[in-house]
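The values are calculated or read from the model by the stated rules, or taken from the named source; none is laboratory data. Please read all numbers here as calculations on a predicted model, not as lab measurements. Glycine gets a Cβ as well: all are built from the backbone with ideal geometry, and neighbour counts include every protein chain shown. Please note that ligands, DNA and RNA were not included when accessible areas were found on the heavy atoms of the full protein model with its side chains. Shrake-Rupley method; radii C 1.70, N 1.55, O 1.52, S 1.80 Å.
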Amino acid sequence: MGADEAYRRLLAAGSRPHFIGYYAMVMGLQGRPWNDCKGKEKADLRARFDAIKADASASKPSEDKIEAILDEIGIPKQPGI
């Protein structure tokens, strides 16, 4: 599946995005220490991370949409929540 797809799935499951977690996963899958990532390689990973994060954010329904869907199926917003 690869690091990018695995990270996409983590974000889809509700994990908060964190760059160090992403590149540690990439390094670990390559059998390298997490702090082995430097320079251009780290900048390239940051660009990939930002793209994954943006894609995950665009795919996630906003709170307003979620509230509208819950209201539509008969589950109104609870007071104080």
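Values computed for the structure shown
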quantity: Rounded to 10°, Cα long-axis angle of helix 19-29 versus longest principal axis of the chain; calculated: 50 degrees
quantity: Surface share of carbon and sulfur [accessible, 1.4 angstrom probe, percent] for the chain; calculated: 57 percent
quantity: Under 15 Å, Cβ to Cβ, from VAL26 - net charge with Lys/Arg +1 and Asp/Glu -1; calculated: +3
quantity: Cβ-based charge dipole, the chain, positive-most Cα from ALA56, ILE69, GLN30; calculated: GLN30
quantity: Accessible surface, per residue, of segment 1-70 when the full set of protein chains is kept, probe 1.4 Å, Å²; calculated: 69 Å²
quantity: The chain, dipole about Cα centre (Lys/Arg Cβ +1, Asp/Glu Cβ -1), debye to the nearest 20; calculated: 440 debye
quantity: Convex hull volume per residue in cubic angstrom - Cα atoms of the chain; calculated: 113 Å³
quantity: Rh by Kirkwood over Cα pairs, then Stokes-Einstein D for segment 1-42 at 1.002 mPa s and 20 °C, µm²/s; calculated: 200 µm²/s
quantity: Nearest-10 value in Å² for the accessible area of ARG46, using the 1.4 Å probe; calculated: 100 Å²
quantity: On Cα atoms only, tilt of 63-72 relative to the major axis of the chain in degrees; calculated: 40 degrees
